[in-house]
Amino acid sequence: MPYITSDKRVEFKLGQREIVFGQLQEQFGDLPESVISDIKALSRPQLMLLIKAILRFTSIDNLVNWLQANPPLPDDLTDRFI
């Protein structure tokens, strides 16, 4: 298994965020600042779950409810600050 550097992890997480924000803006338009902040605080695994969940969202309320049900993981501090 190849070693993944921390730089590559940062790039991967930033790419995941771009996908999330692109999908959400396409679907719902401009996002509230609070939603943007909540998404930025998610860990890499949570971003992957959100990418899948977006397919089921029919309103911005679905997104807000998902974020409330999936707060940032406190034990994943390294990902929260990337």
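The values are calculated or read from the model by the stated rules, or taken from the named source; none is laboratory data. Source: prediction; values computed, not measured. As a convention, Cβ positions derive from the backbone with ideal geometry for all residues, glycine included, and neighbour counts pool all protein chains shown. The accessibility values were calculated without ligands, DNA or RNA, using every heavy atom of the protein model including side chains. Shrake-Rupley method; radii C 1.70, N 1.55, O 1.52, S 1.80 Å.
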Next item on the list: Grab the Cα-Cα distance for Asp30 and Ile51, subtract it from 0.36 nm times how many residues apart they are, and report the gain in nm with one decimal.
Entry: 5.8 nm
Note to self: Along the Cα→Cβ direction, 7 angstrom out, place labels at Arg44 and Asn70. What is the inter-label distance in nm?
What the structure shows: 1.6 nm
Notebook entry, point to check: Hey, what's the range 18-70 come to in accessible area per residue, 1.4 Å probe, Å²?
Noted result: 59 Å²
Checklist line | Net charge of neighbours whose Cβ lies under 13 Å from the Cβ of Val35, counting Lys and Arg as +1 and Asp and Glu as -1 | finding: -2
